[in-house]
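Engineer: Starting off with a structure, shown below.
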Number of protein chains: 2
Amino acid sequence: MSANPHFRWHPLRGEWVAYASHRQGRTFLPPPEYNPLGPTVDPAFPTELPEGKYDVAVFENRFPSMTLAARDAPASIVETLPAKGVCEVVVFTRDARASIATLSIDHLDLLLQVWGDRTRELGSRPEIEYVLPFENKGVEVGVTLHHPHGQIYAYPFVPPVPARMLEQQARFYREKGKGLLADLIAREIADGQRVIYQDDGAIAFVPVCARYPYEVWIAPIEPVATFEDLSPSQRRGLARALKTVTLKYDGLWNRSFPYLMAWFSAPTDGKAYPHAHLHAQFYPPYRTSDRLKYLAGTELAGGMFANDSIPEEKARELQEVAVSIEETVHF
Amino acid sequence: MSANPHFRWHPLRGEWVAYASHRQGRTFLPPPEYNPLGPTVDPAFPTELPEGKYDVAVFENRFPSMTLAARDAPASIVETLPAKGVCEVVVFTRDARASIATLSIDHLDLLLQVWGDRTRELGSRPEIEYVLPFENKGVEVGVTLHHPHGQIYAYPFVPPVPARMLEQQARFYREKGKGLLADLIAREIADGQRVIYQDDGAIAFVPVCARYPYEVWIAPIEPVATFEDLSPSQRRGLARALKTVTLKYDGLWNRSFPYLMAWFSAPTDGKAYPHAHLHAQFYPPYRTSDRLKYLAGTELAGGMFANDSIPEEKARELQEVAVSIEETVHF
C-alpha cells in the first residue's frame, strides 16, 4: 500500500485523517551547531534558507503531511483522497534566540502581513479551502527546534474546528444580524476583568469560556474576515497585542512560556463569510508553573474540557505581569 | 465569583466547559507507602476504600469536576449552569501492581458488568444524559497514581465527541438502514489486515482511519447499544479482547504501555438509539518506542489529525506480539 500523503475518511467522526509515513524517514547528521532554520553558513551543510539577509522567510515543509504533488490515494475500505494541501514553515526572524515576545512591533506587523500574504496566495489555489497559520512553541508541545518559527497548513477542506466555529458564527449572524465574536468581545470589554491588552483596534483577553487555564485570544475589536482586510492601525494593534501577551507569558514565571497559537480566518473557498472574525487562540500546556494540563478522558474522548481554575484568576495573574512593549529589540 | 463546579457556554465552539477551582486545594501528607486506592491498612490514614475484600470498587471522586450537589452557577457574560454531573473512580482490583493486561478473563468480565451497572444506575438519574467510562494509564497521560483504576464521567448532556459520532451513526442508519460501526467492522473483517483479535462475538482492530498510531477499537461484532444489552458470550469476548490488546501493548516494547481508553455507548436520555454501537477506543500517546505523538497545530487548532504511520504497519506490529490470554493471574 502506498505511503504517499493521503487522506482517509473517518466515518464515525465524519472527518478526514492525513497519513504520510515518509515523514519518519528523515536522516541527516549535521554538525552540533547546525540550525536548519538559520541562514546557510557552511555550504557543505546547507540549511533550509540561503545565505543573506531576510526578516521573515517562508518555505515549503520538506516532509509535509499534505502536498499539491500528492497523487494516487490507496484503495481502502473507506474513502481515500490524495492529500492535496500545502505545509509551509514560517521563520519569524534570522535571530535564533528571538521569540515573538522579543521581536519589534514593526517586525510583528510584518509577520502579520506575511500571514496575510500566504493566506491570499495559498487560498487562491483552486485546491485550497482553508489556511491555518500556527506556532507550536516549546518542548512541552513537542518542538525541539528552538529557532523562532511557525507553520502554515493549507487544507483542501475547512477542517473540523474552524468548521464548527464558523457554523456557530453563521447561525448567530443569521439570528442576530451581527458577529458572534464581536458580540463576545463587546461583553468582555464591558465586563473588563479578563482583558489583557486593549487599544482602539485590537484586544487580548482570557476568554470567559477558556478551556486551557492560560488560554488567551487576540482579535481586532471590529469583525474583519481575514488578515488582508485589516487596516494598518488594526494590524499594528494586533502586533502590540501579540507582543504584550507573549511578554506577559514569559514574565509570569520568568522563563520561556510554551504554547500553541493558531490564527482563524475566513475560508478561502470563494464563498462569502460576513460572520467570520479573524482571531488568534493561544493554548498553553501549563496549568501551574510546575504542572501540565494533560488532555485525558473527558477532553479527548468526551470533548468536554474540565478546567481546574477559573478564567478570572488566570487573567489577574497575567494582568499583574508588568511589561513594556516599547522595550523592543531592533535588528 | 463562586469557584463551585459550574459550566460556562463556549459560544464559538458551541459546547460546555467545566470549571472546578476547588480541585487545586487538595493537601494531604500520607506516609510514602500510602496508596489512596488500596484497602485501608492503617486506620490513621484511611484510604478511599474500607478494609476488606473486594474485586472491583467504585466511589465518588472527592474532588469532582461535576457533582449532583452543585448549586448556583455564577452570573457571567455567557450562559452558566451548576455542573450537575457525577465523577466516579473505579478501582479495577485490590492488587496495586495489576493492570487490565494481568487481570483474569473472569475479572475483566466482572469489570464490564460494573461499567454496565454504573451506566444504568447513573443514567437512570434524571440529570444524567451520558455516561463515559474511561481509563487514563501512565505518566505520559498525566497519571501518577499507578493502582489500576479508571473513571466514569456522567454528564447532564451528550458531550461533543459522542454527540458527533452518534450524529454520523444516525445519518448512516437513516440512509442505509444499518449500523455505521457494524458496517465498518464487517469491512475490517473482510479486509483482515488490521484485525488484532476476533471471536464469535467480539473484535479488536486498528481502525483503517486511526488518528493515533497505535489506536485500537474493541467492539461487539453485532451492534449492541450499551453494556447491559451484551449477551454473556459477547461480554466474555470483549473481556478476552481487552486482555489481548493490553497484553500486546505491554509486549510491544516489554514495558507498561500508556493509553487513554474510553467506552462509548448510547446516551441515557431516554430516547431510542437503534444506531448506537457500544465500543472502546484506545488512544496511546506513543508513535514509536521513544517518541510521543504531540497534539499540536493541526490536531488541536484544526481538528485534523496527521498520522506519521499507516494503520496497516502498526496493526502488523501488534499482530506480531505473541500473547496467551490463558496465562492469567488469579486472586
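The values are calculated or read from the model by the stated rules, or taken from the named source; none is laboratory data. Just so it is clear, the model here is predicted, and its values are computed rather than measured. Methodologically, a virtual Cβ is constructed for each residue, glycine included, from the backbone with ideal geometry; neighbour enumeration extends over all protein chains shown.
Engineer: Can you find even one residue in segment B:206-214 that is farther than 24 Å from B:LEU230 by Cα, buried (at least 20 other Cβ atoms within 10 Å of the Cβ) and over 20 Å from the mean Cα position of the chain (by Cα)?
Structural biologist: Within segment B:206-214 (the criterion being farther than 24 Å from B:LEU230 by Cα, buried (at least 20 other Cβ atoms within 10 Å of the Cβ) and over 20 Å from the mean Cα position of the chain (by Cα)), the answer is yes, since at least one residue qualifies.
This table checks each residue for (1) in a loop (DSSP other than H, G, I, E, B); (2) touching a Leu at 6+ places or on another chain (Cβ under 7 Å).
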site: A:ARG94; (1), (2): yes, no
site: A:ALA101; (1), (2): yes, yes
site: A:LEU108; (1), (2): no, yes
site: A:TRP115; (1), (2): no, no
site: A:LEU122; (1), (2): no, no
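Engineer: While we're looking at this one, here's another question. If you check A:PRO32 against the conditions, is it part of a loop (DSSP other than H, G, I, E, B), more than 30 Å from B:ARG171 (Cβ to Cβ), at pLDDT below 95 and under 23 Å from the mean Cα position of the chain (by Cα)?
Structural biologist: Taking the combined requirement at face value, the residue does not satisfy it.
Engineer: On the given criteria, is A:PRO43 touching a Leu at 6+ places or on another chain (Cβ under 6 Å) and either surrounded by fewer than 21 Cβ atoms within 10 Å (Cβ to Cβ) or within 30 Å of B:ARG194 (Cβ to Cβ) (or both)?
Structural biologist: no
Engineer: While we're here: I need a count of the residues in segment B:162-173 that are without any contact (Cβ under 8 Å) to a residue 60 or more places away in the chain, of a type outside the set (S, T, N, Q) and facing chain A (nearest Cβ under 8 Å).
Structural biologist: 3
Engineer: If you go through segment A:131-142 one residue at a time, do you hit one that is within 13 Å of another protein chain (Cβ to nearest Cβ), surrounded by fewer than 22 Cβ atoms within 10 Å (Cβ to Cβ), among the aliphatic types (A, V, I, L, M) and assigned to a strand (DSSP E or B)?
Structural biologist: Taking every residue of segment A:131-142 in turn, none turns out to be within 13 Å of another protein chain (Cβ to nearest Cβ), surrounded by fewer than 22 Cβ atoms within 10 Å (Cβ to Cβ), among the aliphatic types (A, V, I, L, M) and assigned to a strand (DSSP E or B).
Engineer: Examine segment B:79-86 for a residue that is over 20 Å from A:GLY302 (Cβ atoms) and either surrounded by fewer than 14 Cβ atoms within 10 Å (Cβ to Cβ) or touching a helix residue (DSSP H, G or I) at 6+ places or on another chain (Cβ under 9 Å) (or both), and state whether such a residue exists.
Structural biologist: For segment B:79-86, residues over 20 Å from A:GLY302 (Cβ atoms) and either surrounded by fewer than 14 Cβ atoms within 10 Å (Cβ to Cβ) or touching a helix residue (DSSP H, G or I) at 6+ places or on another chain (Cβ under 9 Å) (or both): absent.
Engineer: Please enumerate the residues belonging to segment A:183-201 that are more than 8 Å from every other protein chain (Cβ to nearest Cβ), surrounded by fewer than 20 Cβ atoms within 10 Å (Cβ to Cβ) and of a type in the set (Gly, Ala, Ser).
Structural biologist: Correct list: A:ALA186, A:GLY192.
Engineer: So which of B:LEU49, B:LEU37, B:LEU111 is on the phi < 0 side of the Ramachandran plot and either at pLDDT 90 or above or in contact with a Cys (Cβ under 8 Å, 6 or more places away or on another chain) (or both)?
Structural biologist: When all the criteria are applied, what remains is B:LEU111.
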